[in-house]
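The values are calculated or read from the model by the stated rules, or taken from the named source; none is laboratory data. Model, not experiment: these values are computed from the prediction. We place every Cβ from the backbone using ideal geometry, glycine too, and count neighbours over all the protein chains shown. Side chains are part of the model used for accessible areas, which takes the heavy atoms of the whole protein and leaves out ligands, DNA and RNA. Shrake-Rupley method; radii C 1.70, N 1.55, O 1.52, S 1.80 Å.
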Amino acid sequence: MIPIRDTAPCYSRPLVTWGIMAVCIIVFVSMQLMPDQLSLRLINLYGMVPIRYTKQYYGLPFDGYLSFLTSLFLHGNWLHLIMNMWFLWIFGDNVEDRMGRLPFLIFYLACGLLATYLQWFFDPNLAIPVVGASGAIAGILAAYFFLYPFERVVVWIPILIL
């Protein structure tokens, strides 16, 4: 199921939601315009590579856990970016409207950091970068369905014939 829209009214402009979307899109497009080698280097530096924090001498410099935050603004491919931004577009505005701008930003980042931490906790020897805002988006979805339990969400159900 792919959500198309919701019926919850929004009474303010979702500036934080738009800002998060803008940062994610600008970072992704910028990385697409870079040479592949540089783009991969940035993904390895700013994506959260769990083994970096488990094994001392894996080959990546210790970054003070900064990549737990920076990985939230990186995405693996166009589909990953589009789906995350689509869900944020549909549900983020209402959650931001209800919570307020600063609490929404803190909640978004906290959900993303918690999801990244759990990825590291459950797979500490993973040697590939973990990127994306999916954990933060999952937190926004949970907040939406908690804050708006009776609102309708119009969805598209693609029927795949195998």
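Checking Asp93 against (1) part of a helix (DSSP H, G or I); (2) touching a Gly at 6+ places or on another chain (Cβ under 8 Å); (3) within 24 Å of Leu79 (Cα to Cα), only one condition comes out false. Which one? In the conditions (1) part of a helix (DSSP H, G or I); (2) touching a Gly at 6+ places or on another chain (Cβ under 8 Å); (3) within 24 Å of Leu79 (Cα to Cα), Asp93 misses (2) alone. Checked against the criterion of being at pLDDT below 95 and under 30 Å from Asp36 (Cβ atoms), the candidates Thr116, Thr54, Thr70 yield just one match: Thr54. Those helices (runs of 4 or more DSSP H) of region 1-83 in which at least 1 residues are open to solvent by 40 Å² or more (accessible area, probe 1.4 Å) and of a type in the set (Lys, Arg), considering only elements entirely within it, cover 36-46. Which ones in region 84-110 are open to solvent by less than 40 Å² (accessible area, probe 1.4 Å) and β-branched (Val, Ile, Thr)? Across region 84-110, the qualifying residues are Ile90, Val95. If you go through region 111-142 and keep only what is assigned to a helix (DSSP H, G or I) and open to solvent by 50 Å² or more (accessible area, probe 1.4 Å), you end up with Leu113, Leu114, Tyr117, Leu118, Gln119, Trp120, Phe121, Phe122, Ser134, Ala138, Ala142.
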